[in-house]
1. Return the residues of region 186-225 that are farther than 30 Å from G310 by Cβ, part of a loop (DSSP other than H, G, I, E, B) and more than 10 Å from the ligand (Cβ to nearest atom); say none if nothing qualifies.
2. Is it the case that region 103-114 has a residue that's at pLDDT 95 or above, in a loop (DSSP other than H, G, I, E, B), within 14 Å of the ligand (Cβ to nearest atom) and open to solvent by less than 10 Å² (accessible area, probe 1.4 Å)?
3. Going by the conditions given, is R81 away from the ligand (no atom under 16 Å from the Cβ), within 26 Å of A254 (Cβ to Cβ) and open to solvent by 10 Å² or more (accessible area, probe 1.4 Å)?
4. What tally of residues in region 476-512 results from selecting those that are part of a helix (DSSP H, G or I) and open to solvent by 20 Å² or more (accessible area, probe 1.4 Å)?
5. Might you let me know whether region 389-397 holds any residue that is aliphatic (A, V, I, L, M) and closer than 17 Å to A289 by Cα?
6. Would you confirm, using the coordinates I've provided, whether A289 is small (G, A, S), assigned to a helix (DSSP H, G or I) and in contact (Cβ under 8 Å) with a residue 12 or more places away in the chain?
7. Which one of Y465, Y415, Y427 is at pLDDT 95 or above and open to solvent by 40 Å² or more (accessible area, probe 1.4 Å)?
8. Looking at this structure, is R628 in contact with a Cys (Cβ under 7 Å, 6 or more places away or on another chain) and more than 30 Å from P318 (Cα to Cα)?
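The values are calculated or read from the model by the stated rules, or taken from the named source; none is laboratory data. These figures come from a predicted structure and were not determined experimentally. Counting neighbours? That spans all protein chains shown, and the Cβs are built from the backbone with ideal geometry, glycine included. All accessible areas refer to the heavy atoms of the entire protein, side chains included, with ligands and DNA or RNA removed. Shrake-Rupley method; radii C 1.70, N 1.55, O 1.52, S 1.80 Å.
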Amino acid sequence: MNGSDATGSLPPETNWFSTATNVTHEIFLSPPWLPDRTQAFDPEPYADALARAGVQAVEFYCKDHNGLCYYRTAHGPSSKRDLVGPLIEALHARGIKFFAYVSAGYDAFALARHPDWRVVDREGRPRVVAPPLELVCFRSPYREYLLHQIKELVEGYPIDGLWLDIIPLAWPGPHTDSHLNDPDAESDFFMVHDVPLPCACSSCLEQFALEQDRPLPLEPTPDDQYDIFQFGVRGVSRLLHGARDLLRRARPDAIYTYNGSGCPGDPIDIGDIVSIEAHAPEYVFQSFAARWARGHGRSMEILTPGGLDGWMTPQAKPAALMQLEAAVAGVHGATAVVGRVIGSDGSWDQAHLDDLSAVYGAERSLADSRRESTSCPEVLVASTIHAASAPASWSPMAKGLEFWHAALLQGHIQYDIGNLERDLADYRLIVLPDQRAMSAAEVAIVERFVEDGGSCIVTGQTSLYWEDGSARADFALGKMLGVRYLGRSGVPFAYLTVREGALGGELAGRRLIIDREPLLFDPLDNETLAVANVPVFGPIDPYIIAWGYPEPTERRTQPLIVGHGTGRGSTTYVGVAFDEGPQRPGSPGRGFGGAWLRRLAITLTVSALGEPLLVTNAGAAVEVVLGRHRSGFTIDLLDHAVGWPDRLLPELGQGTVGDIRLRLDRDRLGLVSRARGVTGATVPTTVEGHWLDVAVPAFNVHARLFID
Ligand SMILES: [Zn+2]
C-alpha cells in the first residue's frame with residue numbers, strides 16, 4: 001500500500017509535510033447562537049491573504065467542538081453553506097495544501113442528544129477537561145457516528161491531510177490533563193490527553209465485561225488500571241485506525257495525524273507526522289518536543305497558539321516571539337504550526353498575518369536547508385519509553401529526559417534525544433535518565449556501547465523494570481555499572497554532598513536538595529563521587545517544616561553518585577532521578593527548580609566527555625545548536641530570553657545579543673576555518689591550536705552561521 005512503513009505511516013519522501021515550513025492552524029468555531037456566522041466567509045480573499053503571507057498549508061476546522069461540520073454531511077449538523085469545497089479549490093489554485101481538522105473528542109451537539117456517549121466516572125459525572133466541553137467516549141456509538149462524518153469528508157473533498165483533535169491516548173501523569181495520584185500536578189500544562197481509568201459509561205461497562213469476562217472494576221487496583229488502560233487504548237485505536245483506513249482508501253497520498261501523535265506517551269503511534277502541542281513561554285520544552293520528534297524519525301509539527309494567552313485569544317503574539325518559536329522548532333527540523341482564530345464574521349487579524357509573513361521571511365534560511373541539515377551530536381539522551389507495554393512509566397521517564405535536555409541545552413552540550421535503535425557511532429556518551437523500563441535488547445545495546453569505549457551516565461530506577469512494566473530484582477545494567485540494587489530508602493528527599501576533590505571540586509561542600517527519594521544500592525568497587533544525607537525526621541518543631549526542609553543528619557549517609565571505568569568506557573551511576581520538580585526551566589518568576597542539579601548534570605557530562613565539541617561563553621538562555629549541512633556545519637543561536645513574559649519584546653530584526661564567542665574542536669570536525677552568516681557575509685574567525693574561534697555578530701532572536 002503506497003510505500004508505507006511497518007506501522008502504516010507514510011515515509012518522509014512521499015509525505016508533503018516534510019518540506020512544509022509555513023503552516024497555520026486555522027481555528028473556526030461556529031456556535032449555534034450565531035446561525036449566520038459562516039455567511040460572510042469568502043474563500044477567495046481568505047486564500048489570497050494566506051498566499052500573500054507565504055502560507056504553504058493550513059489546518060482548517062472542518063468540524064468544530066460544537067459538532068458543527070462546515071462541509072456536506074448527512075450525519076449531524078452542518079453549516080448552511082459548504083465552506084470546505086470552495087475553500088479547498090481556492091487554496092489549491094494558489095498552491096496551498098488543505099489539512100482537514102476534525103474535533104473528534106469534543107462534540108457538544110452529539111452529546112446533548114446522546115448523554116450516554118459521554119466519558120463518565122463511577123458516579124456518572126461527565127469528564128470536563130475544558131469547560132463546558134465534555135469528553136466523548138470512543139467506545140460508545142459515537143465512534144461510528146464520527147467515522148461516517150469522516151468518510152463523507154475524505155471521500156467528498158480533495159483534502160491533503162486529516163488531523164484529529166482531542167484524543168485520550170496516554171497513561172495519566174504530570175504530562176496529561178488529569179493526574180492519578182497528584183491532583184495538584186501541572187494543571188496548566190499538558191502534552192497529551194489521558195485515557196480515563198476507568199470510563200464507566202454504559203458502552204464501557206458492557207464491552208469490558210464482554211472482552212475481559214469480568215465486570216469493569218470501578219475501584220481499580222494497579223493491575224486493574226493496566227487492564228482498563230489497555231481496554232481504553234483499544235477503543236481509541238479502533239477510531240484512529242478506522243479514520244486512517246478511510247483516508248488511505250480515498251486519498252492514498254494524504255497525510256494523517258492526531259493531536260499527540262508520536263509524543264512520548266502515545267501507545268498507538270500511527271500518525272504520518274509527530275504532532276505535539278508545546279506553547280510559549282516554555283521554549284525549553286518546545287526544544288525538547290522538537291528534538292524528541294526528530295529522534296522519532298518522522299516529519300513533525302510543534303503546535304503553538306498564535307494568541308498570547310492561548311488558542312482562542314484575540315491578542316496576537318508579536319513577531320519576535322513567533323520568530324523564536326519558529327526557530328526553536330526549525331533548527332531541529334520541525335515545523336512550528338501557529339494557531340490563528342477566524343472571526344465570527346469570517347474576518348481575520350491582518351496585522352497578525354503580516355507578522356507571521358515577516359517571520360517566514362526571517363526564517364527562510366531554515367526552510368531552505370530543512371532537507372540538508374542533520375544534528376551533530378556527541379551525547380544521546382536515550383529514551384527506552386514503552387508507552388504501550390509499560391504505560392505507567394512513560395511520564396516519569398519523559399520527566400527524566402526533559403531534565404537532562406534542559407541541563408544539556410543550558411550547558412551548550414550537543415545532543416540528540418531518542419531511542420537506542422540507531423547508529424550510535426556519533427555519540428561519545430549515552431545518558432539514561434531514570435529510564436525505568438528497558439528491554440534485554442536495549443540493555444545489550446548500552447553494554448556494547450560502553451565495551452566499545454563509550455561513556456554512560458545512568459540515573460534513578462533505570463533498568464529496574466522490564467519493557468512490559470514488571471519489576472526486576474536488580475538493575476539489568478547492574479553488571480555494567482558495578483552496582484547492586486538494595487531497595488527503596490523510604491525518605492522523600494535528601495541532601496547531596498559532592499566529595500572533596502571529586503568532579504573537579506566545583507560543587508564540593510555545597511548542600512544540594514534532592515527532591516526525590518534516593519535509592520539504596522551497593523556501590524561495590526565503584527569510586528563514590530557524592531553522598532546523600534538523609535534529613536532528620538521524627539517529632540520536629542512544625543515551625544521548621546513550615547519554613548523549609550528539615551536539616552540533614554550526618555548519621556545516615558549513603559552513596560549517591562558513583563563511577564568507574566569498564567572495558568574501554570566509563571560509567572556513572574546516580575542513585576536518584578534528577579527532576580525539575582514542579583518548576584519548569586526557562587520560565588522566569590516560576591522558581592529555580594533544579595538549578596543546582598542542572599549544574600551538577602553538566603559537571604557529570606563534561607567529566608564523562610572530556611572536552612566538549614563546542615564551547616561558548618553564551619548565557620544559559622541562548623540555545624546553541626551545531627548541525628551538519630552539506631560538506632560543512634551550521635550553528636544556530638536562539639535567544640530564549642527574548643520571549644520571556646517579563647521582558648519588553650523587541651522589534652523584529654533589532655540586535656540584542658552580542659559578544660558571544662564559540663570554539664569548535666577542529667580535531668573532530670575536520671579542518672574548518674571559515675564562518676559566514678546567512679547573507680554570505682564573512683564572520684571573523686581565528687585558529688588557535690585545534691580550536692576554531694568564532695566571534696558571533698550581534699543578533700536578535702536567532703542567528704545562523706555556516707562553518708566550513
Ligand atoms: Zn466509556
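1. D213, R214, P215, P217, L218, E219, P220, T221
2. yes
3. So R81 passes the test.
4. So the count comes out to 4.
5. Taking region 389-397 as the starting set, the residues that turn out to be aliphatic (A, V, I, L, M) are 390, 392, 397.
After this cut, where a residue has to be closer than 17 Å to A289 by Cα as well, the list is 397.
Yes, there is a match, as at least one residue in region 389-397 is aliphatic (A, V, I, L, M) and closer than 17 Å to A289 by Cα.
6. Details: small (G, A, S): yes; assigned to a helix (DSSP H, G or I): yes; in contact (Cβ under 8 Å) with a residue 12 or more places away in the chain: yes.
So A289 passes the test.
7. None of the other options fit; the residue is Y465.
8. yes
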